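In what follows, a structure is listed as structure tokens, so that the remarks can point back to it.
The values are calculated or read from the model by the stated rules, or taken from the named source; none is laboratory data. These numbers were taken from a predicted model, which means no experiment stands behind them. So basically every Cβ, Gly included, is an ideal-geometry build from the backbone, and we count neighbours across all protein chains shown.
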Amino acid sequence: MKNVYILLSVTLVIKFTGIAGQTFEKLAPTPPMGWNSWNKFGCNVSEILIREMADAMVESGMHDAGYQYIVIDDCWQSGRDNTGNIIADPERFPSGMKALADYIHSKGLKFGLYSCAGSKTCQGRPGSRGYQFQDARQYAAWGVDYLKYDWCYNEGQDAKAAYKTMSDALKQCGRPIVFSICEWGDNKPWEWGKGTGHLWRTTADIRDCFDCTLNWGGLGVLQILDKQAGLEEYAGPGHWNDPDMLEIGNGGQTISEYRAHFSLWCMLAAPLMAGNDLRDMDESIRLLLTNKEVIAINQDTSGMQAFKFLDYGDLEIWVKALSNDEASFCFLNRSNAPVNLEFNWRQFGLYHFSFANSRFNLRKNDYQIRDLWKHKNTGTTADVLSASIGGHDILMVRLMAIDK
């Protein structure tokens, strides 16, 4: 009887692991949407702050627009107990992470945490190296739905192997947890991340500027955009290129620049992780972040990432194939001065154009043009598209079948 019991136990473990693994593969069919504490608050996180952000996500209409995750970035940890379990800072999180997760879940939202593949996090808190499976089980017990996993203090580890270890731990923890690989693109995670994580950072950290490179680290929106060209083949349902979180609403850019920032991230099928203070958003920022027509481009079920179609220097045209034989075009003005656009759809062989390495084709007929920021139809592809695009701004349109 004892031998039979042992055999049964092993069989159940194998089946459970298999089910968890299958669930893991299906966790992010569209790019994750949510909020992360780092860009606005850095280490200044607390239970009160996170509860208020969850409240604000619902009250602001962001949840209705598709945002789900409330993610606490670095500095929530304070140490480990005598059995090695990770401990939340008792002063900042006196009720504990389980209670906080329960509160977030009660709002219809999902809960995320941050850790690191190194011995320490980027801010010197305990990392997960050597504790991957123990931490994953703890996260599952707390009710975590999303893990951002950084790359500081990695001590020369092989990135592919390090991230696979935590991936394996999450697949066996008994709870479906979205896995965000954050190793800054140094080891080309787009080439090996599928199946290991659901999204992977492609660049260094974003900064709240539209066109800049900072000598102390970080990139502006345009600098990050440039690094996404050519990565479109690696994106799709369940595996996304991540050009980093949104800076919209943090004060370093104009509303036009923020509009371009949001539009481009939606075109790139990027995860949409807001990083501002949701409690006191200006109405223009709230409307920008909750534009459902633009979000629909990001969340399109085909999972295509936009590619750079044409490059005229200051003017770039990015194209994203959509489901139902549709597409979105984003005309980006990189300069500070306005540009006048005259775009002849037929001149560029639109009807015979093959999107994304021949994986998708538009039908051979005219399309209705929908301006996604003005929320109105503005003509068809039978006509030349004429528009003035302001400095550091965009024109974003959707091509829809005429009968819609």
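For region 354-371, the count of residues that are surrounded by fewer than 18 Cβ atoms within 10 Å (Cβ to Cβ) and modelled with pLDDT of 85 or more is at least one. From the list Gly313, Gly303, the one residue that fits, being among the small types (Gly, Ala, Ser), outside any strand (DSSP E or B) and without any contact (Cβ under 8 Å) to a residue 40 or more places away in the chain, is Gly313. Here the condition is being in contact (Cβ under 8 Å) with a residue 60 or more places away in the chain and under 18 Å from Met53 (Cβ atoms); of Asp277, Asp282, it holds for Asp277 alone. For Asp282, the conditions (1) under 20 Å from Pro29 (Cα atoms); (2) surrounded by fewer than 20 Cβ atoms within 10 Å (Cβ to Cβ); (3) among the acidic types (Asp, Glu) are fulfilled apart from (1). Among the residues of region 90-111, those identified as assigned to a loop (DSSP other than H, G, I, E, B) and closer than 15 Å to Arg51 by Cβ are Arg92, Phe93, Pro94, Ser95, Gly96, Lys107, Gly108, Leu109. Residues in region 36-73 that are in contact with a strand residue (DSSP E or B) (Cβ under 7 Å, 6 or more places away or on another chain) and surrounded by fewer than 22 Cβ atoms within 10 Å (Cβ to Cβ): Gly66, Gln68. Of the residues making up region 196-228, those that are within 17 Å of the chain's Cα centre (by Cα), part of a loop (DSSP other than H, G, I, E, B) and either closer than 17 Å to Met304 by Cα or not hydroxyl-bearing (Ser, Thr, Tyr) (or both) number 9.
For region 152-204, which positions are free of Cβ contacts under 8 Å to residues at least 12 places away in the same chain and at positive phi? Result: Gly156, Lys188. State all residues of region 162-198 that are crowded, with 24+ Cβ neighbours inside 10 Å and closer than 14 Å to Gln228 by Cα; if no residue qualifies, say none. Pro189, the sole residue that qualifies.
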